[in-house]
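Worksheet: the structure to be examined is printed underneath.
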Amino acid sequence: MDHVITHNRVTIVTDPSKGENSYKQWGVFPKDSKKIRSVKMLLTLGSPDSIPTAHWDYCDNINIRRVKSKDSADKHIEIGRMLTPYGSIYRKGWQWQWEVDVTDFKSLLQDSVEIEYLHTGYEPVSVGWALTLDFAITYGPEIVKPMGMIPLWNDKYKYGDDKQPITASLLPVQYTVPQGAAINRIRIQHTGHGADQPRQCSEFCTRWRKIMIDQNVVDQRNLWKDCSVNPLYPQGGTWIYSRAYWCPGDLQQPDVIDVPIQAGKHEASVFMQPYTATGNIQAYEHIGSYLFFYAAPQQKYDAAIEEIWAPTNKQQYARLNPAIDQAKILVRNVGSNNLTSLQIEYGTVGFAKKRYIWKGNLTFNQTALVVLPGEIYARPGENKFSVTISKPNGKADAWTGDNSMTSSFMAPKQFPQQMIVQYKTNNNPQDNTILLINASGDTLFKKLPADVKPSTIYADTLQLKEGKYALILQDTAGDGLQFWANPRQGDGYLRLTDMNGNLVHIVESDCGKGETTFIDASAQYKLDTSKIVGAFSMYPRRTRDKIDLDVLLSKAAKLTVKITVDGILQQLHEYESVKQGIFTYSIASLPPGRYIVDVYANDERMFTGRVNKESR
């Protein structure tokens, strides 16, 4: 595998005068795309070195602009779409990585290529991101032979405006399929934006989209995404709210629709759910789409491992890890025959391998998430998990280069066998359930909504045998035990302590639909007294006058509280020695807006939270 890095921790900021800012860099890619099996684009955003992290969820585009030379024509082809996170609570050293497959564009990703990251928005230039774009290139035989591509619909199309109906803009595309092509592949990025009346379209309204080839429906789906399960959490804004096929802090995965086709003339068309807004007409559908022509698959029996979801250290699968059982892998059929079975060998390196026979029915290019039975064994610290697939439909695989994969993962943290579960309900305990399950899937402890009252503290003792467990907090409302924009639900928490009251683990309260804590209950557990562990609660986070900060530290320390705006200090509070206490701060004299509260114990940052000063 080779890597082509076009942008290496480039500091990006908006241009408020235009609403967009272009960052172009040239990369040198392999010259012969025929030797390339796949290309994945890894996109990393981090806190910049010299300015605070940006705040807002903007829609950014990654484009191919020119190839081979600076004098060549501007192609302006979108290959990826990034929705930036609410980053105000992220500090120096923070970063997050996403990835997306861009193999469809490999015929353009040859030799010298100018890659553009188009950063949109209107934030001040005093905040930004550190951007890295890394193209990971795997070599091997082509899965299908590319035979060309054409643009389809690429624009921002008004939606719900009866004076400019979207049907008048999303026009059918006539095209000719070349001789030898057998597959049409539609690749489409699609996000909705704006907030009209009465449905808050297009950012916060569901609506369907239908794609047709020659008047036959080849794809229809509801354009909606649940953001309360985003692996990047918490964020410094309304990250939990579901949106129109996108979420803050997400590199969108494109829709890819393969359609068998014959040479000759054809027509592609797209239709949106009919809708007419009644006020604040501003909605639009942002679409980037291309049609690729491919020959038939090169091989009959060919399967590939796409990804290991669990166990892994990859951030995009953080909610599933570090898993204690049921490893998860994504497999793809890249052969012409339907894939109906696979042999799978898997396990942690250094432990006995397990074997599993998968059965299903995948057409070409379809994927399946395979759940592999059994406990995931691990030694303390970092481990390697390996998996190998073979015998697609009982036959030899045409190319074994993508039949094996290894992931790195950290073992679950060690916990004492005896612990106390401290659970403070918020004002809506009917939304929350707490479960403790073992590696066999047995439920050993539960706290149901019927068992609790609002705004009440509960303490339950756990007596565990040595082994692996998962403590699961579920929230059916998708707003966690605490969410800054919903002060009416109050402020709850879930903590684990040892039998002496020492903090062992703090569950993140701002967790959307919940959080799972993976536990290795061990007789070898030892309390680390060298580090300060802190539990913090801040409420309310939307206020006109004051906020209360509840602090519990594992040992007394110097406490520093900073209230800032874009890194500029507004208030400073210092205490010589604190172990536990509730501190009240007045922000009545500060102007309305977003404020960040940072708490330091012995000069180490322990907590960061957002507060909104309301005008009324």
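The values are calculated or read from the model by the stated rules, or taken from the named source; none is laboratory data. These figures come from a predicted structure and were not determined experimentally. Neighbour counts are summed over all protein chains in view; Cβ atoms, including those assigned to glycine, are modelled from backbone coordinates with ideal geometry. These accessible areas exclude ligands, DNA and RNA; they are computed on the full protein's heavy atoms, side chains included. Shrake-Rupley method; radii C 1.70, N 1.55, O 1.52, S 1.80 Å.
What tally of residues in the range 303-359 results from selecting those that are of a type in the set (A, V, I, L, M), over 23 Å from the mean Cα position of the chain (by Cα) and not in a strand (DSSP E or B)?
3
Is it the case that Gln235 is surrounded by fewer than 20 Cβ atoms within 10 Å (Cβ to Cβ) and assigned to a loop (DSSP other than H, G, I, E, B)? It would help to see each step written out before you state the result.
Numbers: surrounded by fewer than 20 Cβ atoms within 10 Å (Cβ to Cβ): no; assigned to a loop (DSSP other than H, G, I, E, B): yes.
So Gln235 does not fit the description; no.
Could you list all residues from the range 439-468 that are modelled with pLDDT of 95 or more, hydrophobic (A, V, I, L, M, F, W, C) and closer than 19 Å to Tyr525 by Cβ?
Result: Leu444, Phe445, Leu462, Leu464.
Go through (1) more than 28 Å from His190 (Cα to Cα); (2) part of a loop (DSSP other than H, G, I, E, B) for Ala296 and report which single condition fails.
Ala296 satisfies all of (1) more than 28 Å from His190 (Cα to Cα); (2) part of a loop (DSSP other than H, G, I, E, B) except (1).
Anything in the range 543-556 that is open to solvent by 20 Å² or more (accessible area, probe 1.4 Å), part of a strand (DSSP E or B), over 22 Å from Arg91 (Cα atoms) and not aliphatic (A, V, I, L, M)? List them, or say none.
Listed by number, the residues that qualify are Lys546, Asp548, Ser554, Lys555.
Can you work out which of the residues in the range 557-586 that are within 35 Å of the chain's Cα centre (by Cα) and free of Cβ contacts under 8 Å to residues at least 24 places away in the same chain is nearest to Ser88 (Cα to Cα)?
Residue satisfying both the conditions and the ranking: Ile568.
When you scan the range 14-21, do you find a residue that is surrounded by 21 or more Cβ atoms within 10 Å (Cβ to Cβ) and part of a strand (DSSP E or B), even just one?
Initial filter on the range 14-21 (surrounded by 21 or more Cβ atoms within 10 Å (Cβ to Cβ)): 14.
Within this subset, residues satisfying the condition of being part of a strand (DSSP E or B) are none.
No, every residue in the range 14-21 fails to be surrounded by 21 or more Cβ atoms within 10 Å (Cβ to Cβ) and part of a strand (DSSP E or B).
Just to verify a result, which residue in the range 450-478, among those that are closer than 17 Å to Val229 by Cα and part of a loop (DSSP other than H, G, I, E, B), is least open to solvent (accessible area, probe 1.4 Å)?
So, considering only residues that are closer than 17 Å to Val229 by Cα and part of a loop (DSSP other than H, G, I, E, B), the one least open to solvent (accessible area, probe 1.4 Å) is Gly478.
Could you look through the range 182-193, keep only residues that are open to solvent by 10 Å² or more (accessible area, probe 1.4 Å) and over 22 Å from the mean Cα position of the chain (by Cα), and pick out the one that is farthest from Asn222 (Cα to Cα)?
Ala182
Given the criteria over 24 Å from Gln235 (Cα atoms), assigned to a loop (DSSP other than H, G, I, E, B) and among the small types (Gly, Ala, Ser), does Ser589 qualify?
yes
Of the residues Asp214, Asp226, Asp255, only one is open to solvent by 50 Å² or more (accessible area, probe 1.4 Å) and touching a His at 6+ places or on another chain (Cβ under 8 Å); which?
Details: Asp226 fails: touching a His at 6+ places or on another chain (Cβ under 8 Å); Asp255 fails: open to solvent by 50 Å² or more (accessible area, probe 1.4 Å).
Result of the check over Asp214, Asp226, Asp255: Asp214.
State all residues of the range 397-449 that are within 26 Å of the chain's Cα centre (by Cα) and open to solvent by 60 Å² or more (accessible area, probe 1.4 Å); if no residue qualifies, say none.
Matches in the range 397-449: Ser404, Thr406, Met410, Lys413.
Taking Asp219, is it out of contact with any Cys (no Cβ under 9 Å at 6 or more places or on another chain), within 22 Å of Gly288 (Cβ to Cβ) and open to solvent by 10 Å² or more (accessible area, probe 1.4 Å)?
Values: out of contact with any Cys (no Cβ under 9 Å at 6 or more places or on another chain): yes; within 22 Å of Gly288 (Cβ to Cβ): yes; open to solvent by 10 Å² or more (accessible area, probe 1.4 Å): yes.
Taking the combined requirement at face value, the residue satisfies it.
What pairs come out if I take residues in the range 204-223 that are more than 16 Å from Asp255 (Cα to Cα) and at pLDDT 95 or above and pair them with residues that are open to solvent by 50 Å² or more (accessible area, probe 1.4 Å) and in a strand (DSSP E or B) whose C-beta lies under 7 Å away, six or more apart or interchain?
Thr206/Asn222
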